[in-house]
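The values are calculated or read from the model by the stated rules, or taken from the named source; none is laboratory data. Owing to the predicted nature of the structure, the values given are computational and were not obtained by experimental measurement. Reconstructed Cβ throughout: ideal geometry from the backbone, glycine too, with neighbour counts over all protein chains shown. The protein model used for the area step is the full one, side chains on, heavy atoms only, and it has no ligands, DNA or RNA in it. Shrake-Rupley method; radii C 1.70, N 1.55, O 1.52, S 1.80 Å.
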Amino acid sequence: LLLPAVQKVREAAARMSCQNNLKQFGIAMHSFHDARGALPPARDTNNFSAHAYILPYMEQDNVFKLINFALPYNN
């Protein structure tokens, strides 16, 4: 009897978390565009994605500073 209610609460919490993450990503993309006048590239010449370029706009500036965009990224 209690298990379905707990499962619904967990699903609602996961959905809210996902929606918040997508909202933060959208805000970061808009902030990047406002600062630079264009959206980040989907992939640059060294194979870095847009996610790497918007890190400073998602309060991850320390991680952004660790990336050397001059070196190619190899998975």
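Structure summary
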quantity	calculated
Conditions (1) at positive phi; (2) touching an Asp or Glu at 6+ places or on another chain (Cβ under 9 Å): number failed by residue 55	(1)
Helices (runs of 4 or more DSSP H) contained entirely in segment 1-67, each with at least 2 residues that are at pLDDT 95 or above and within 15 Å of the chain's Cα centre (by Cα)	3-36
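Matching residues to (1) touching a residue at least 60 places away in the same chain (Cβ under 8 Å); (2) open to solvent by 80 Å² or more (accessible area, probe 1.4 Å); (3) closer than 17 Å to residue 23 by Cα:
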{"position": "36", "(1), (2), (3)": "no, yes, no"}
{"position": "43", "(1), (2), (3)": "no, yes, no"}
{"position": "47", "(1), (2), (3)": "no, no, no"}
{"position": "51", "(1), (2), (3)": "no, yes, yes"}
{"position": "57", "(1), (2), (3)": "no, no, yes"}
{"position": "62", "(1), (2), (3)": "no, yes, no"}
{"position": "67", "(1), (2), (3)": "no, no, no"}
{"position": "70", "(1), (2), (3)": "no, no, no"}
